[in-house]
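Some notes on the structure that comes next.
The values are calculated or read from the model by the stated rules, or taken from the named source; none is laboratory data. In this text, all values refer to a predicted model and were calculated from it rather than measured experimentally. With ideal geometry, Cβ positions are generated from the backbone for all residues, glycine too; neighbour counts draw on all protein chains shown. For accessibility, only protein heavy atoms count, side chains too; no ligands or nucleic acids. Shrake-Rupley method; radii C 1.70, N 1.55, O 1.52, S 1.80 Å.
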Amino acid sequence: MSETRIVPVDTPSRSYEVYIGRGLLASLGALVTKACPTAAHVALVSDSNVAPLYAPPAAESLRAAGLAVTTLPFPAGEEHKRLSTLGDILERMAQAGLTRADAVVAVGGGVTGDMGGLAAALYQRGIQVVQVPTSLLAMVDSSVGGKTAVDLEAGKNLAGAFLQPSLVVADVDCLATVSPDLLRDSCGEMIKHGVLADERLFERLREAPVCSPGFDPAGLVGIIARNVEIKRDVVGADERERGRRQTLNLGHTIGHAIEAASDFTLGHGSCVAAGLCCMARASARLGWCGQDVADRIVACVEAYGLPTNTAIGHDALLEYATRDKKRRADGVTLVVPARIGEVELRRVSLEELRHVIDLGCGE
């Protein structure tokens, strides 16, 4: 077995470990019993795309460790990340007889992590959750940090809770079944992390784009670990997003608006990449960063074949951006790049936000 990286995460509410390596599904049961010693029964939550691939080996490992397993599949797709789907999962957990001592094991991408995590946060006022991300995007971002949510008609992730996982197990062998387009989409969040906190990571991603034809999943272990460390450091300092954690929203104010305006037909990473480029262009034009910073960001995104802009009308973008959960009555807080590896928070009015969108998303 190739090297396994273990990244410790320490937050005010819970400390846990993130395992990143190859062949880790076979060890899932042993890892879960160690991290969740009170659990006798687990609900294995997975979507209809991932469940046929990875629910059986995950369940086999869990049962071999002495755990009872109830597999709870749900329909795949962002359109199913809704309260109705969540309610169905909770009802099936209750029917299976899970107790407060038991746990949810979420096996899948970001949507599954959200559904499983929020179900765990709500069931009997909170049980443990183990995140088993099978997509690159979930490995580098959504599986770590404890954010769980579902979408409402008004916007993305508007109903949710914070629940840190008890364990994260990222088996990079699972990436072999992810399409090249989805792998490429995931790189939007990795580029964001580089801009946010690590110029060296940014340059590594720019100079040798990952997920090119013939990529080796084993080569991603170190890159994934570095992304997790960046998010770990931010979340550990600000678990509830009252200050520094807001910086993780770099590219997201406009990115989430693009995603929602497209009716979630565009990938999250692609929308973040476009939102990042739009914010970089606006920041350069407003003097918040140098033009060279914006140019480097756009060039890196282009190297991955990800979108650097959007054709969605500015009125629609403003409407969805103002529905964002980070909005306050007097405006929104934008995360803007000061240089590669450093960002700043800037409070803007809704009128100023429209100007930012015009500058960043215009030609």
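Things worth noting here:
- Ranking 294, 65, 177 by Cα position along the charge dipole of the chain, where only Lys, Arg, Asp and Glu carry charges on their C-beta atoms, puts 65 farthest toward the positive end.
- Integer Hz, Karplus 6.51/-1.76/1.60 couplings in order for the stretch 181-191, x for Gly and Pro: 5, 6, 4, 4, 4, 4, 5, x, 6, 5, 4
- Count Lys and Arg as plus one, Asp and Glu as minus one, and take only other residues whose Cβ is under 13 Å from that of residue 233; the net charge is then 0.
- Pairs of C-alpha atoms in the stretch 130-203 farther apart than 15 Å represent 64 percent of all such pairs.
- Once the gyration tensor of the Cα atoms in the stretch 232-363 is diagonalised, the equivalent ellipsoid follows with semi-axes of 19, 18, 15 Å, ordered largest first.
- In sequence order, calculated HN-Hα J values of the stretch 199-210 (Karplus, 6.51, -1.76, 1.60; Hz; x Gly/Pro): 5, 5, 4, 4, 5, 4, 5, 5, 6, 9, x, 7
- Full extension of the chain between residue 311 and residue 17 yields a length gain of 101.7 nm, computed as 0.36 nm times the residue separation minus the alpha carbon distance.
- Overall shape: oblate for the stretch 42-189, with the ratio a/c of the largest to smallest alpha carbon gyration tensor axis at 1.5 or above and b/c at least equal to a/b.
- Cut-off under 5 Å, modelled amide H: who pairs with residue 344 long-range: 336, 338
- The charge dipole of the stretch 266-363, taken about the Cα centre with unit charges on the Cβ atoms of Lys, Arg (+1) and Asp, Glu (-1), comes to about 340 debye, rounded to the nearest 20.
- Euclidean distance of C-alpha centroids, the stretch 10-27 and the stretch 193-212, integer Å: 23
- Largest-first ordering by accessible area, 1.4 Å probe, given options 202, 162: 162, 202
- Among 257-266, 93-102, the peptide with the highest mean count of other Cβ atoms within 10 Å heads the list, and the full ranking is 257-266, 93-102.
- Annotation: amide H-H contacts under 5 Å for residue 71 (H modelled 1.01 Å from N, sequence separation of 5 or more, or interchain): 44.
- Normalised contact order of the stretch 108-229, rounded percent, pairs of Cα under 8 Å and 6 or more residues apart: 25
- Other-chain or far-sequence residues with amide H under 5 Å of residue 41's (modelled H): 68, 103
- Think of it as helices only: each DSSP H run of n ≥ 4 in the chain is worth -39500 (n - 2.57), and spread over all residues that comes to -13500 deg cm²/dmol at 222 nm.
- Rounded accessible area per residue of the stretch 118-157, 1.4 Å, Å²: 27
- Among beta bridges identified by DSSP and lying wholly in the stretch 50-194, the antiparallel ones come to about 40 percent.
- Kirkwood analysis of the Cα pair distances in the stretch 141-260 returns a hydrodynamic radius of 15.7 Å.
- Between residue 207 and residue 6, full extension at 0.36 nm per residue minus the direct alpha carbon distance yields a gain of 69.7 nm.
- Within the chain, percent of DSSP bridges classed antiparallel, to nearest 5: 45
- Pairwise centroid distance, computed over Cα atoms, of the stretch 219-239 with the stretch 145-186, Å: 15
- Applied to the stretch 274-284, the Karplus parametrisation 6.51 cos²θ - 1.76 cosθ + 1.60 on θ = phi - 60° returns per-residue 3J(HN,Hα) values of 5, x, 4, 5, 4, 5, 5, 4, 5, 4, 5 Hz, with x for Gly and Pro.
- With all protein chains in place and a 1.4 Å probe, the accessible surface of the chain carries 50 percent carbon and sulfur.
- Whole-Å semi-axes of the stretch 17-81's equivalent ellipsoid (Cα gyration tensor): 21, 14, 11
- Sequence-separation-based contact order of the chain, relative, with Cα cut under 8 Å and 6+ spacing, percent: 15
- Cut-off 14 Å (backbone N to label point 7 Å along Cα→Cβ of residue 216), residues of the stretch 8-29: 22
- Percent breakdown of C-alpha pair distances by 20 Å bin, ordered from the shortest bin, for the chain: 32, 58, 10
- Short-range pairs are left out: with C-alpha atoms under 8 Å and at least six residues apart, the relative contact order of the stretch 37-170 is 23 percent.
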